[in-house]
Protein chains: 2
Amino acid sequence: MSDFFSEARSAQAVNGRMAEPVSPRLRQIMTSLVEHLHGFIREVELSEAEWQQAIDFLTRTGQICSPERQEFILLSDTLGVSMLVDAINHRRPPGATENTVFGPFHVANAPLRQMGDTISLDGKGESCLFRGRVLDLDGQPIAGAMLDVWSDNEDGYYDVQQPQSQPRWNNRGRFITGADGRYTFRGVRPVSYPIPDDGPVGMMLAALGRHPWRPAHTHFMLTAPGYQRIVTHTFVAGDNYLTSDAVFGVKASLIQHFEPNPRGDTLWTADFDFVMTTQSPYC
Amino acid sequence: MSDFFSEARSAQAVNGRMAEPVSPRLRQIMTSLVEHLHGFIREVELSEAEWQQAIDFLTRTGQICSPERQEFILLSDTLGVSMLVDAINHRRPPGATENTVFGPFHVANAPLRQMGDTISLDGKGESCLFRGRVLDLDGQPIAGAMLDVWSDNEDGYYDVQQPQSQPRWNNRGRFITGADGRYTFRGVRPVSYPIPDDGPVGMMLAALGRHPWRPAHTHFMLTAPGYQRIVTHTFVAGDNYLTSDAVFGVKASLIQHFEPNPRGDTLWTADFDFVMTTQSPYC
Ligand SMILES: [Fe+2]
Ligand SMILES: [Fe+2]
């Protein structure tokens, strides 16, 4: 009987079982998911022992999750899924600043600071003057853009990872541009750090011959009325892990050069202009 | 730079990161998995909100798992993955008894019983005389085949689900064929039952317009020296859920007719011949 399961028509058997009411979008997603999932299993002829390993891996990944740890997001990140979803949902014209992964360490409502202020509250790390402009696609300055910045400390940790030893809001702040669209603030040159690798995802990376490191980066989120939000990082040029970011976040356009600043009050200067695109009227 | 991530070449970016030492089989599996996973996301253009829903679903699925409950296996079952893996790993020539899913309720080392014995220890349910032969592909009887049988009770529960109210080993037993290859035992006509649907998988089924029921079935595992193990069920002909088994276990060749048995000591008789294939010399 044709409506029973068979190896050849396995995906059809499963997808044919959906029945009203099912939302059209859910139907579309599940149909594609089942086809690709079965296609994968068929292509590699997954053994029963391998299937059991996959069940165990997914179970351990779910069980290690806690309010402080999201191992499935880590899995999504390390399989390039997070970056692919980000890319699909933030296509921009040439010249606009590209998105990259949001990451787990953003904290909303960081202190509003004045241009020129420092975000380094403990004064530790190699000091750097960050500066640049927020522009539109025509190169005109955007006034009233909010630039939300966060980065790790000299040991590779965000303040929320070291609540005992770092001051609250260390290496975080929000800045609002004036009429010239310029921003300038002091902070520290970020350092590379490993993603948590003591769980199932770390075991997976090890089995694939991959390391858990991210190249040094500073996180930025830009918002401005009438413009699309940008969530991105700038990456320190020359970092050892630029071409092997464990979560695939690096884009060539996001690499930032750090220049020595012998006559200034910081060790380094780092310039970067952000280019925002207008919101589509449908957003 | 070509080794950075891009939407168009996302799978290549991820798979290109694998490095020695990685086992050839793991490399093959991960390459295919990443290609199909990215292919799915690209095809449906998964939104960020949908991605978040998927992360939440997988996390809840992992967190509900316990020694008594394996929600990822349930997910595999309800997406037809378990049956596809079973089919790929147990291809058999025409005429041989087909496999179906093992299910979570088998218990090893059930009591060895004599032909004709009953497996119904509480005497509840509609009694049935099960009988048939264990044959090879040439129709010759197989002596010394072990037939391990388990089924639910009249309420749709296995003994291990009701340790307080069912005797241990209720509706379970093992039988060994003699020279004629015949088996015969008494038990109860099984009834349909729902898979656990109070978790994430149940929510998924509801959203897809699917019910959680399995058609009534009796589980069998057959082993015999020199022959391939068979793990299968027989399904009660006429069951309401035959064409909509929540886990896609039904195959047309596994449907069994129950006949009234007016002159016997049971309400029903049910006949079924099992046909085993020899082990390949490589197994
Ligand atoms: Fe980061
Ligand atoms: Fe069952």
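To keep it simple, each residue is scored yes or no on (1) out of contact with any helix residue (DSSP H, G or I) (no Cβ under 7 Å at 6 or more places or on another chain); (2) within 13 Å of ligand 1 (Cβ to nearest atom); (3) within 14 Å of chain B (Cβ to nearest Cβ).
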{"residue": "A:Arg182", "(1), (2), (3)": "yes, no, no"}
{"residue": "A:Val191", "(1), (2), (3)": "yes, yes, no"}
{"residue": "A:Val201", "(1), (2), (3)": "no, no, yes"}
{"residue": "A:Ala237", "(1), (2), (3)": "yes, no, yes"}
{"residue": "A:Val247", "(1), (2), (3)": "no, yes, yes"}
{"residue": "A:Ala252", "(1), (2), (3)": "yes, no, yes"}
{"residue": "A:Phe258", "(1), (2), (3)": "yes, no, no"}
Among the numbered conditions (1) at pLDDT 95 or above; (2) open to solvent by less than 50 Å² (accessible area, probe 1.4 Å); (3) on the phi < 0 side of the Ramachandran plot; (4) not charged (D, E, K, R), tell me where A:Gly80 comes up short. (3)
Near pairs, Cβ below 7 angstrom, 6+ apart or cross-chain, from the range A:54-83 (more than 8 Å from chain B (Cβ to nearest Cβ)) to any residue that is of a type in the set (Val, Ile, Thr) and part of a helix (DSSP H, G or I): A:Glu71/A:Thr61; A:Glu71/A:Val201; A:Leu74/A:Val201; A:Leu75/A:Thr61; A:Leu75/A:Val201; A:Thr78/A:Val201
Residue in the range B:84-127 that is most open to solvent (accessible area, probe 1.4 Å), counting only those that are in contact with a strand residue (DSSP E or B) (Cβ under 7 Å, 6 or more places away or on another chain) and on the phi > 0 side of the Ramachandran plot: B:Gly95
Since B:Val191 meets every condition but one in (1) within 19 Å of B:Thr277 (Cα to Cα); (2) within 16 Å of ligand 2 (Cβ to nearest atom); (3) β-branched (Val, Ile, Thr), which condition does it not meet? (1)
Which condition number does B:Leu74 fail, the rest of (1) farther than 20 Å from A:Val101 by Cα; (2) open to solvent by 40 Å² or more (accessible area, probe 1.4 Å) being met? (2)
B:Asp117 - would you say it is in contact with a Pro (Cβ under 7 Å, 6 or more places away or on another chain) and within 26 Å of B:Thr184 (Cβ to Cβ)? no
Among the listed residues B:Val134, B:Val101, which satisfies the condition of being in contact (Cβ under 8 Å) with a residue 12 or more places away in the chain, part of a loop (DSSP other than H, G, I, E, B), in the same structural domain as B:Thr223 (by TED's automatic domain parsing) and of a type in the set (Val, Ile, Thr)? B:Val101
Scan the range B:170-177 and give yes if some residue there is on the phi < 0 side of the Ramachandran plot, within 14 Å of chain A (Cβ to nearest Cβ), over 20 Å from the mean Cα position of the chain (by Cα) and not in a strand (DSSP E or B), otherwise no. no
Go through (1) away from ligand 1 (no atom under 13 Å from the Cβ); (2) open to solvent by 60 Å² or more (accessible area, probe 1.4 Å); (3) within 14 Å of chain B (Cβ to nearest Cβ) one by one and return the number of the condition A:Pro262 breaks. (3)
Do the conditions hold for B:Gly123, that is, is it out of contact with any Gly (no Cβ under 8 Å at 6 or more places or on another chain), part of a loop (DSSP other than H, G, I, E, B) and under 17 Å from B:Thr177 (Cα atoms)? no
Output yes when any residue across the range A:246-254 is open to solvent by 50 Å² or more (accessible area, probe 1.4 Å) and either in contact (Cβ under 8 Å) with a residue 24 or more places away in the chain or more than 30 Å from A:Ile142 (Cα to Cα) (or both), and no when none is. yes
Kindly provide the set of residues from the range A:215-227 that are open to solvent by 10 Å² or more (accessible area, probe 1.4 Å) and more than 19 Å from A:Asn109 (Cα to Cα), ordered by number. A:Gly226, A:Tyr227
Would you please list the contacts, defined by Cβ atoms under 7 Å and residues six or more apart or on different chains, that run from a residue in the range A:190-211 that is open to solvent by 60 Å² or more (accessible area, probe 1.4 Å) to a residue that is modelled with pLDDT under 95? A:Pro196/A:Arg69
What number of residues within the range A:37-73 satisfy the criterion of being assigned to a helix (DSSP H, G or I) and either within 18 Å of B:Ser47 (Cα to Cα) or polar (S, T, N, Q) (or both)? 7
So, in the range A:140-157, of the ones that are closer than 20 Å to A:Thr223 by Cβ and in a loop (DSSP other than H, G, I, E, B), which residue ends up nearest to the chain's Cα centre (by Cα)? A:Ala145
Given the conditions (1) surrounded by fewer than 19 Cβ atoms within 10 Å (Cβ to Cβ); (2) in a loop (DSSP other than H, G, I, E, B), which single one is not true for B:Val160? (2)
Selection status of A:Thr31, farther than 22 Å from B:Leu46 by Cβ and open to solvent by less than 50 Å² (accessible area, probe 1.4 Å): no
Please identify the pairs in which a residue from the range A:147-176 that is touching a residue at least 12 places away in the same chain (Cβ under 8 Å) and over 19 Å from A:Met276 (Cβ atoms) has its Cβ atom under 6 Å from the Cβ atom of a residue that is within 11 Å of ligand 1 (Cβ to nearest atom) and β-branched (Val, Ile, Thr), counting only partners at least 6 apart or on another chain. A:Ser151/A:Thr218; A:Gly156/A:Val191
Residue check for B:Val231: part of a strand (DSSP E or B), buried (at least 18 other Cβ atoms within 10 Å of the Cβ) and within 14 Å of another protein chain (Cβ to nearest Cβ): yes
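The values are calculated or read from the model by the stated rules, or taken from the named source; none is laboratory data. This structure is a prediction, so every number in the text was calculated from the model and none was measured. Don't worry about glycine lacking a Cβ; one is built from the backbone with ideal geometry, like all the others, and counts go over all protein chains shown. Just so you know, the surface numbers come from the protein's heavy atoms only, side chains and all, with ligands and any DNA or RNA stripped out. Shrake-Rupley method; radii C 1.70, N 1.55, O 1.52, S 1.80 Å.
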